[in-house]
Each structure stands twice: as C-alpha cells, then as structure tokens.
Amino acid sequence: SRDYVDRSGYAFDMGRQKGHEKGLEKGRKDWSKGRSFDLNRHDAYRDADDGYHSDYGSKAVYRDGFRRGFEEGYREGYGGRFSRY
C-alpha cells in the first residue's frame, strides 16, 4: 500500500539522518586520535538501530538508512580523505 511505501521511506530517511550524526562524531574522533578509517570498529554502525523508534516503520529499512548515513558522516568527519572504505 502507499502508506507502507511512505513509512518505509520515512524509516530510511530517519535512519540516514541519525546515522549521519553518529558517523560524523565517530569519524572526527577516529581522525583526531590517529585511528585507521574503519566503520566496523563501531557498534553503532554494526547494530545500526541507534535512535530507532517503532513509529518510523521498518527496522530493517531504518538500519539500511542508518548505515548509509553513518558511512557518509564518518567519511566527512574523517576529513573526506577516502572515497570508499
């Protein structure tokens, strides 16, 4: 149904937003401490459910969005030095 499509899009967008915030924070921290570029070091990236609320819709879709946002934020926070990991 259309409602489901809208809700799943919302879940992705909310996940991406929350993931970006968290990734930016973790990327900056890793860069400042001289750590290697590594998304998988972080529980938040692996779990990808930080900030999830059932009102957003599908948790699986939220996780997809969260990981996408986390990767983008992490890359940005790390100084944009890597086009991919």
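The values are calculated or read from the model by the stated rules, or taken from the named source; none is laboratory data. Because the structure is predicted, anything quoted here is derived from the model rather than measured. For neighbour counting, all protein chains shown are included, and Cβ atoms are generated from backbone atoms with ideal geometry for every residue, glycine included. We work out accessible area using only protein heavy atoms, side chains counted, and drop any ligands, DNA or RNA first. Shrake-Rupley method; radii C 1.70, N 1.55, O 1.52, S 1.80 Å.
How about the range 49-85: which of its residues are open to solvent by less than 70 Å² (accessible area, probe 1.4 Å) and closer than 11 Å to His20 by Cα? Across the range 49-85, the qualifying residues are Gly65, Phe66, Gly69, Phe70, Glu71, Glu72, Gly73, Tyr74, Arg75, Gly77.
Each residue in the range 45-62 was checked for being outside any loop (DSSP other than H, G, I, E, B) and within 15 Å of Asp13 (Cβ to Cβ), and 6 pass. Pairs are defined by a Cβ separation below 8 Å, a sequence spacing of at least 6 or placement on different chains, a first member in the range 25-38 that is closer than 18 Å to Phe66 by Cα and part of a helix (DSSP H, G or I), and a second member that is open to solvent by 70 Å² or more (accessible area, probe 1.4 Å) and not aliphatic (A, V, I, L, M); the pairs so defined are Gly27/Glu76. Regarding Arg28, is this residue open to solvent by 70 Å² or more (accessible area, probe 1.4 Å), farther than 25 Å from Tyr10 by Cα, of a type outside the set (Asp, Glu) and touching a helix residue (DSSP H, G or I) at 6+ places or on another chain (Cβ under 6 Å)? Spelling it out, Arg28 is indeed open to solvent by 70 Å² or more (accessible area, probe 1.4 Å), farther than 25 Å from Tyr10 by Cα, of a type outside the set (Asp, Glu) and touching a helix residue (DSSP H, G or I) at 6+ places or on another chain (Cβ under 6 Å).
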